[in-house]
1. Taking the Cα centre of the range 24-85 as origin, sum charge times position over the Cβ atoms of Lys and Arg (+1) and Asp and Glu (-1), and report the length of that vector in debye to the nearest 20.
2. Considering the chain as a Gaussian network with a 10 Å cut-off on Cα pairs, which listed residue, Arg43, Arg12, Arg74, attains the greatest mean-square fluctuation?
3. Can you show me the helix-derived [θ] at 222 nm for the chain, built from DSSP H runs with n ≥ 4 at -39,500 (n - 2.57) apiece and divided by the number of residues, rounded to the nearest 500.
4. What do the square roots of 5 times the Cα gyration tensor eigenvalues come to for the range 42-85, in whole Å, largest first, as semi-axes of the equivalent ellipsoid?
5. Give me the number: length gained by fully extending Lys3 to Arg74, i.e. 0.36 nm times residue separation minus the C-alpha to C-alpha distance, one decimal in nm.
6. Measure of size requested: the Rg and Dmax of the chain, with Cα atoms as the atom set and Å as the unit; please supply both.
7. In percent, how large is the relative contact order of the chain, given Cα pairs closer than 8 Å and 6 or more residues apart?
8. Which whole number of Å³ per residue matches the convex hull of the alpha-carbon atoms in the range 1-50?
Amino acid sequence: MAKHLSVKKRHRQSLVHRARNRAAKSRIRLAIRQASTAETSSRPSALRDLASVVDRAAAQKVIHRNKAARIKSRLSRRLAPAKSQ
């Protein structure tokens with residue numbers, strides 16, 4: 001176990017950050033699942049919700065902003081053919 005106070009504090013902070021990051025990534029995965037399984041009529045709102053969750057995670061530096069853009073782009077591209085039919 002660490003002896004220095006600053007190391008102990010840093011460890012406490014890392015546990016809090018880890019929990020926050022895991023929760024945010026879990027919300028992203030849930031939003032992706034919900035958007036990809038959404039009915040045709042509710043897809044636009046599901047994509048908006050996904051964009052909101054992903055952008056929030058990127059703003060909190062949980063994921064990189066390029067990854068956020070990639071997630072939104074891939075899912076909207078995958079759901080676009082179904083939307084146009």
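1. Values: 16 positive and 3 negative charges, 63 e Å.
Result for the range 24-85 is approximately 300 debye, rounded to the nearest 20.
2. Arg12
3. Working: 3 runs with 69 residues, N = 85.
Taken over the chain, the calculation gives -28500 deg cm²/dmol.
4. Details: eigenvalues 97, 25, 3 Å².
For the range 42-85, the semi-axes come out at 22, 11, 4 Å.
5. Details: separation 71, 0.36 × 71 = 25.56 nm, distance 4.71 nm.
The span from Lys3 to Arg74 would gain 20.8 nm if fully extended.
6. Every Cα atom of the chain included, Rg and Dmax give 17.4, 64 Å.
7. Details: 40 pairs, mean separation 21.4, N = 85.
Relative contact order, the chain: 25 percent.
8. Working: hull volume 2.7 nm³, N = 50.
Convex hull volume per residue, Cα atoms: 54 Å³.
Where a number appears in this text, it was derived from the coordinates with a stated rule and is not lab data. These numbers come from a predicted model, not from an experiment. Counting neighbours? That spans all protein chains shown, and the Cβs are built from the backbone with ideal geometry, glycine included.
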